[in-house]
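Encoded as structure tokens, the structure appears first; notes follow it.
Bear in mind that the values in this text are calculations on the coordinates, not laboratory data. Not measured: the values here are computed from a predicted model. Please note: Cβ atoms are built from the backbone with ideal geometry, for glycine as well, and neighbour counts cover all protein chains shown.
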Amino acid sequence: MRCQLLSAAMALALGATPSWAAPATPPCEAALGTWDYVAPSKPGRAVVTKLADGRHHLVWIVSEPGATVAGAWEASCEGSRRTWRVLFPSDPGIAGLKVVEEFEVDGDAIRFWLLGPDGKRGPMGGARRLP
């Protein structure tokens, strides 16, 4: 009897113990924030936010000696893939262009690839989250 009570108490205690592990953040949420581009990307910054309707907005700037480019894009996000629409580019000829990106977030680092028309990843870019 004593063994049964001990087993029942142990089962209740284990079943009632909260999990201390934080749930995994969905990739689309983990990619939000302010980012500082790192190699192999060109120097620059990006801010990615989420609107109430679920769209992601990106404002970015890349600056090198002799050239600065910037843009504002909006996207839908599903899993680790965002489909961007170029809103305000440095080159007005690409306004409205759709760009598909795959990304991987690992803590405060993100790696990303723009996909070509064939669906293959282009060169990798990288960034670190700013505090």
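Here are some notes:
- Residue, farthest from the chain's Cα centre (by Cα), within the range 51-86, restricted to residues that are touching a residue at least 24 places away in the same chain (Cβ under 8 Å), surrounded by 15 or more Cβ atoms within 10 Å (Cβ to Cβ) and farther than 14 Å from V99 by Cβ: V62
- In the range 53-62 there is no residue that is out of contact with any His (no Cβ under 8 Å at 6 or more places or on another chain), part of a strand (DSSP E or B) and among the basic types (K, R).
- Residues that are small (G, A, S) and either surrounded by fewer than 16 Cβ atoms within 10 Å (Cβ to Cβ) or within 14 Å of the chain's Cα centre (by Cα) (or both), drawn from the range 25-50: A30, A31, G33, A39, A46
- Scanning the range 76-100 for residues that are in a strand (DSSP E or B) and within 16 Å of P26 (Cα to Cα) yields a count of 5.
- The range 109-131 - residue that is within 17 Å of T49 (Cβ to Cβ) and of a type outside the set (A, V, I, L, M, F, W, C) and, of those, surrounded by the fewest Cβ atoms within 10 Å (Cβ to Cβ): P131
- Residues of the range 20-52 classified as of a type in the set (A, V, I, L, M, F, W, C) and in a loop (DSSP other than H, G, I, E, B), total: 9
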